[in-house]
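The values are calculated or read from the model by the stated rules, or taken from the named source; none is laboratory data. Note that the structure is a prediction, hence the values are computed from the model and not measured. All Cβ positions, even for glycine, are placed from backbone atoms using ideal geometry, and neighbour counts span all protein chains on display.
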Amino acid sequence: MLTNASWLLRFMVEPLNRKVCLAPMMDYTDRHFRYLMRLISKNMLLYTEMVHCGAVLHGNRYRLLQFDNFEIPLALQLGGNDPQALALAARIAQDCGYSEVNLNVGCPSDRVKSGQFGACLMATPGLVGDCIAAMQAAVDIPVTVKNRIGIDKHADYEFLYRFTKTVAGAGCKTFIVHARNAWLNGLSPKENRNIPPLEYEKVYRLKRDFPELEVVINGGISEYEQIEENLSKVDGVMIGRKAYGDPYYWKDIDNRYFGSEKVTISRQLFVKQYSTYIQSQSGNDVYLKHMVRHLLNLFNGQPGARAWRRFLSENMCKKNAGVEIVEQAMELMNLEKCA
Ligand SMILES: Cc1cc2nc3c(=O)[nH]c(=O)nc-3n(C[C@H](O)[C@H](O)[C@H](O)COP(=O)(O)O)c2cc1C
């Protein structure tokens, strides 16, 4: 365990602050990347990749739910459509120490659609409400929803309004809204994150219509200025691809939005701390590449970024490679020229 009791206690006593959150991203926001983001921000709420509730109940629970206490505050995102199974999974998440459980009502993939969960659940708000009510009855931690603004031809604001009203009526107080429609036929998940236009205005309107709800906006947020603009209209923002694509950009989050003193972590210290983490994991059956891959974007947009990426990519899979490859990659960089 890397953290002390007072750190944990702080997040058990204070309400969760969702002003700036890290989005759930399958294959990206694994425990190693979350640790890396926690080195960048001590406060932003981190979300796991989606885990199906059936996997929590019947799969390798330790592997799926394992996290470091340093990651807290941490939300587990669940997929599923069975209220009882979701309730059991939520209970397990709470017992493991997660700070929140979130229900995925936004994933448009074929696999998810054929399992009748994810974004297609927006068509059955009553069922989503039943899931939320069952989960809430099983836990004391917050239960939240992440949804789209609509699906397929249901692209009008009334659809989003009715969905929210029904699910809020079942007890949900926090809605994280990806401000795009999802097309369940004809677009891949990747296309569904780019092609349907962003419609922030619908999310702002939702907040105006439901001022008592906490509304967190998501989609296309890539600069501090956008955060500021959005925080004047909704309660929080969630950042996905720009967090993965350029994690170090967000080094001032705590100072800007969580009232912390301005102590910007240098790239050097950041890499040193993450290297210490990598070292602490060796011997735990963790592949080096699974941790080092999250460093590949660290110098994005800076001189030498390509050399950094190439060196790490070429070396992280080598049989006897260890954390020293990160030090060697750092030696290639001229830090004085980097912002
Ligand atoms: C690789 C990848 C995997 C994703 N996996 C999930 C997921 O497991 N659950 C989920 O709710 N959203 C998932 N998303 C969607 C993001 O959470 C977010 O809604 C979307 O990327 C839009 O935000 P952004 O423009 O800030 O990236 C994923 C996105 C990406 C890029």
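Among the residues of region 93-117, the one identified as free of Cβ contacts under 8 Å to residues at least 40 places away in the same chain and buried (at least 20 other Cβ atoms within 10 Å of the Cβ) is V112.
Evaluation of Q116 against the conditions (1) touching a strand residue (DSSP E or B) at 6+ places or on another chain (Cβ under 7 Å); (2) part of a loop (DSSP other than H, G, I, E, B) shows that the sole unmet condition is (1). Would you check if L121 is under 27 Å from S41 (Cβ atoms), assigned by TED's automatic domain parsing to the domain that holds N185 and within 16 Å of the ligand (Cβ to nearest atom)? Judged against the criteria, L121 is not a match.
Look at (1) exposed (fewer than 13 other Cβ atoms within 10 Å of the Cβ); (2) in a helix (DSSP H, G or I); (3) small (G, A, S) and you find that G301 fails only one, number (2).
So that you can scan it fast, the table gives a plain yes or no per residue for (1) assigned by TED's automatic domain parsing to the domain that holds V145; (2) without any contact (Cβ under 8 Å) to a residue 60 or more places away in the chain; (3) crowded, with 18+ Cβ neighbours inside 10 Å; (4) of a type in the set (A, V, I, L, M):
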| site | (1), (2), (3), (4) |
| --- | --- |
| F33 | yes, no, yes, no |
| M37 | yes, no, yes, yes |
| L46 | yes, yes, yes, yes |
| V56 | yes, yes, yes, yes |
| R61 | yes, yes, no, no |
